[in-house]
Amino acid sequence: MHEMGIAEQLVKIALDAIPKDIKNPRVETVHLKIGKLASVVEHSLTFCFEIISKDTPLEKARLEIDSVPVKVHCKSCDHSWEVTGPVFQCPFCEDGDVEMISGREIEIISLELEDAP
Amino acid sequence: MEIKIQKKVLQVNETEAEKSRKFFRQKNVFVLNMMSSPGSGKTETLCKTLTKLMPGVRVGVIVGDICTTNDADRLVKTGARVTQINTDQFGGDCHLSASLVLDSAEKLGCDDLDLLIVENIGNLVCPAEFDIGEDSRAVVLSVTEGEDKPLKYPLMFRVADVAILNKIDLLPYLDVDRDLAVGNMQKVHPRMPVFEMSAKTEEGYEPWLDWLKLKVFEKTGKGL
Ligand SMILES: Nc1nc2c(ncn2[C@@H]2O[C@H](COP(=O)(O)OP(=O)(O)O)[C@@H](O)[C@H]2O)c(=O)[nH]1
Ligand SMILES: [Mg+2]
Ligand SMILES: [Zn+2]
């Protein structure tokens, strides 16, 4: 639902990162890292990105999304494991104090520019 | 050619949230971000909470509503200072951003407040993603929404520091298992305090008020 805002930020950061001395830059791919628990719906982000990137060097770019597993750590018994469902209880101790290590990322990693003709 | 970037896409909001946090620290006010789906009872819970906390705790409220002033009107009656954010004017309608909250907090004035409560937009998804510079996050779930909501919206229950299970006065009329609802919240967030309450009958308010007052006191040294 807030994918439009995310797409806006994404396009802004990407445009700022393109060196000014490149003539008619065209971005082929935008590499992203998105945590499995981040509230981002991929097709909705792609859709918003297409709208926002229109008439910019990103217009033809493809979003390549690397999805990051949800990893947690129990502060009570020091175990770490990957969570695949919505359950964060520690399987090793009774009532552990569980913190997230990864899975909430929404990051832009890199751009691939088309080579100049 | 590859251009390395490695940046958080929501960095702008995070920077704003840090600015807000600094502002709230300067003003020595505790900030609570209240979230839920529409109709869970945020406004009603706040009305009751404000009445019981004031004047011992001086409370201000920022309420995000999509286009009416109904919530603000209800809250003003408690005697609290209230300001409203109508998100449709700003083009977004699913969450409050840190910069909107900071602007409103400055407008509201925080000098004479101990506690600032932000009633976020009714939505269990987006507000969970946006830090507004708060000290604690509360999520309200009403018994009418079903026991499975915490499992369907885990991020919200994960980022919350405390949960309210509201409308327990309706339990006799519903086929809802309250222990399962609470259990599901704690599956997503072990050790999170859950208060079972009714904003209508005011059952179960004491533990919640004690929790909130202690939080305000821990940060500000005020209000107890
Ligand atoms: N029976 C009952 N109704 C409630 C309770 N809390 C709120 N309501 C009602 O639920 C509706 C939505 O409440 P409101 O506070 O506006 O929800 P919000 O959208 O989360 O702010 C209103 O009609 C309230 O009167 C409660 O504890 N019990
Ligand atoms: Mg409301
Ligand atoms: Zn453990």
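No lab work stands behind these numbers, since they all come straight from the coordinates. As the structure is a prediction and not an experimental result, all values here were calculated from the model. Cβ coordinates were reconstructed from backbone atoms using ideal geometry, including for glycine residues, and neighbour counts include every protein chain displayed.
Before moving on, here are some points about what is shown:
- Relative contact order %, chain B, counting alpha carbon pairs below 8 Å whose residues are six or more apart: 25 percent
- Net charge contributed by nearby residues that have their C-beta within less than 14 Å of A:His79 (K/R +1, D/E -1): -4
- Bridging of B:Lys77 to lysines at a Cα separation below 19 Å is possible for B:Lys42, B:Lys48, B:Lys52, B:Lys200, once same-chain residues fewer than 8 apart are set aside.
- Sites matching chymotrypsin sites (Phe, Trp or Tyr not before Pro) across region A:61-117 that sit in DSSP coil, with at most 14 neighbouring C-beta atoms within 10 Å: A:Phe92
- Summed residue charge, Cβ within 14 Å of B:Lys4's Cβ, Lys/Arg positive, Asp/Glu negative: -2
- Remark: region B:2-220 carries a charge dipole of roughly 540 debye about the Cα centre, counting +1 on each Lys and Arg Cβ and -1 on each Asp and Glu Cβ.
- Each helix, a run of at least 4 DSSP H residues, gives -39500 (n - 2.57); summed and divided by the residues of chain B, these come to -11000 deg cm²/dmol at 222 nm.
- DSSP-loop trypsin sites (Lys or Arg not before Pro) across region B:76-148, with at most 13 other Cβ within 10 angstrom: B:Lys77
- Magnitude of the charge dipole, the protein assembly as shown, Cβ model with Lys/Arg +1 and Asp/Glu -1, debye to 20: 820 debye
- Net charge of the neighbourhood of B:Cys110, taken over other residues with C-beta under 15 Å away and scored Lys/Arg +1, Asp/Glu -1, is +3.
- Positive-end residue, region A:57-110 charge dipole about Cα centroid, Cβ charges, pick of A:Leu63, A:Phe92, A:Ser102: A:Leu63
- For chain A, calculated [θ]222 nm from helices alone, where every DSSP H run of n ≥ 4 adds -39500 (n - 2.57): -7000 deg cm²/dmol
- Within region B:143-224, the trypsin sites (Lys or Arg not before Pro) that combine a DSSP coil assignment with at most 11 other C-beta atoms in a 10 angstrom radius are B:Arg191.
- 17 Å Cα-Cα reach of B:Lys27 towards lysines, excluding residues that sit fewer than 8 places from it in its own chain: B:Lys19, B:Lys107, B:Lys215, B:Lys219, B:Lys222
- Euclidean distance of C-alpha centroids, region A:99-117 and region A:10-62, integer Å: 10 Å
- Unit charges at the beta carbon, dipole of region B:2-220: most positive-side option, B:Pro38, B:Gly79, B:Asn184: B:Gly79
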